[in-house]
Structure formats: structure tokens, C-alpha cells
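Here the structure is laid out as C-alpha cells; the discussion comes afterwards.
The values are calculated or read from the model by the stated rules, or taken from the named source; none is laboratory data. Note that the coordinates shown come from a computational prediction; the quantities given were computed from them, not determined experimentally. Cβ placement follows ideal geometry from the backbone for every residue including glycine, while neighbour counts extend to all protein chains displayed.
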Amino acid sequence: MTMLIRLATMAGISLITVSASIAADFYQGRQLSFLINYAPGGPADAEGRLIARHLGKHIAGTPTLVIRNMPGAGGIVGANWLGQVAAPDGLTLGFLTGVASKAAMADPNFKVDMSKFAFVAGGSGISITFIRTDVPPGLRKPEDLMRAKDFWAGGLTPDSDKDLRERMQLDMLGVPYKYISGYGNTADVRLALQRNEVQMYVESSPWSAP
């Protein structure tokens, strides 16, 4: 399963439409605010900081990128700020994850039209699904999942990208399960898995190493 990552800007001068010479003059010696719509230390933050570390070298004028985390409401707070508050001066980029599904489902808290963002780049991140091997009748190989029953799939919120991918996998396979959400972050769901409060969850690749 993949996770869409969007890099967007409310740019008066688009990073991808101006000539190299104009961009170099504009961005030379400037700072770009690189907004990540999740909290520091999480998978979205790790992915965003990795991109920000190298992105400036590929922008004419080689500006300095300064990270700004703006978490809240499953990524909506940062996306709304980018669209409603950030000055359209070409100096703010948004690394937006987890908001595509909310926009598609017309979440009433999502106040911006993503089509108004100047799209810069996109990519795919890997998600890994974890499930305990002691789920009845015991899981030792992938096909054993088809015989699993009476287990809890844990998650964040019903409309989060992670939860939607997790539930979609099980629904498409026709595997019976129960769903519980409301964990504050991925670390909380991971701990719940270790405590056997839930038996399955979906993790983003930066946090998937044991």
C-alpha cells in the first residue's frame, strides 16, 4: 500500500514555472519556510525533513529551508494555515500528508481548496502492516490471515489515511475484524499492539524498523 505525499506552495512565484534566472535572483540568500503538517518525531516529520535536507540544492538560488511543524486535526491545521494564512509570496512550502482523503470526503474542517495550491512535487511512501502472530488460530505465514478471526485493528481516526488503508485491506480480503480508533499517534497504537489491546495496525516506513 502507498501513501501520497504532496509538496505544495502558496507561491506568488511558482517554483516550477519561472525561469531559472528569475528564480535564482528571487531565492538567492532567502529562507523558505518548509511546513510539515504533523508533529516533530513522527513518520511524516522524518520524511519531510529528509526531503528538506536536499531540496534547497535543486532550487535556483539555493535558498535555505527552515522546518516549521504545524500539527493538528490529522494534518488539517497545517493545510488550512498554508491555504488561508501563509502569504502568497513564494516563500512557504507545505509538505502535506494525510489530507487527500479528508479533502476527497469533504471534511467540514478542511477549509481550503487543494486545487489552488501550486503543486511542486509528489511521491509515494511505503506503509507496512503489522499483526500479532497469536491472533487465533495463530499466524505463521501470510495465507493464515484468511483464517483469522476475533481480532482488533487499531488506528487513529476513522478518516485517517492509515486507518482507511488498514481497513480496506481487510475488507477486500473479506477477513472479519473489529476496529478501534482514537489513539493519539502511531506510537500509542504501537504500544497498544505490544500490550495486546489491538492485534493489527498500519505503520509508515520511517517508524517500521524494529
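Quick look at the values:
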| read-out | value |
| --- | --- |
| Residue list for the range 168-197, filter: at pLDDT 95 or above, more than 18 Å from residue 149 (Cβ to Cβ) and in contact with a Gly (Cβ under 6 Å, 6 or more places away or on another chain) | 192 |
| Conditions (1) of a type in the set (Gly, Ala, Ser); (2) under 22 Å from residue 40 (Cα atoms); (3) touching a residue at least 60 places away in the same chain (Cβ under 8 Å): number failed by residue 118 | (2) |
| Any hit, the range 131-150, residues being hydroxyl-bearing (Ser, Thr, Tyr) and surrounded by 16 or more Cβ atoms within 10 Å (Cβ to Cβ) | no |
| Complete set of residues in the range 103-117 that are within 25 Å of residue 27 (Cβ to Cβ) and in a loop (DSSP other than H, G, I, E, B) | 112, 117 |
| Checking residue 193 against (1) closer than 23 Å to residue 104 by Cβ; (2) not in a loop (DSSP other than H, G, I, E, B), the condition it does not meet | (1) |
| Residues located in the range 52-62, provided they are modelled with pLDDT under 90 and β-branched (Val, Ile, Thr) | 59 |
| Meets criteria (touching a Lys or Arg at 6+ places or on another chain (Cβ under 7 Å) and either of a type in the set (Asp, Glu) or in a helix (DSSP H, G or I) (or both)) for residue 163 | no |
| Failed condition for residue 95, given (1) among the hydrophobic types (A, V, I, L, M, F, W, C); (2) at pLDDT below 90; (3) under 12 Å from the mean Cα position of the chain (by Cα); (4) within 30 Å of residue 25 (Cβ to Cβ) | (2) |
| Subset tally (residues that are in contact with a Ser or Thr (Cβ under 9 Å, 6 or more places away or on another chain) and more than 18 Å from residue 128 (Cβ to Cβ)) for the range 140-173 | 4 |
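Yes/no matrix, rows are residues, columns are (1) part of a helix (DSSP H, G or I); (2) modelled with pLDDT under 90; (3) more than 21 Å from residue 172 (Cα to Cα):
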position: 78; (1), (2), (3): yes, no, yes
position: 101; (1), (2), (3): yes, yes, no
position: 119; (1), (2), (3): no, yes, yes
position: 123; (1), (2), (3): no, yes, yes
position: 128; (1), (2), (3): no, yes, no
position: 136; (1), (2), (3): no, no, no
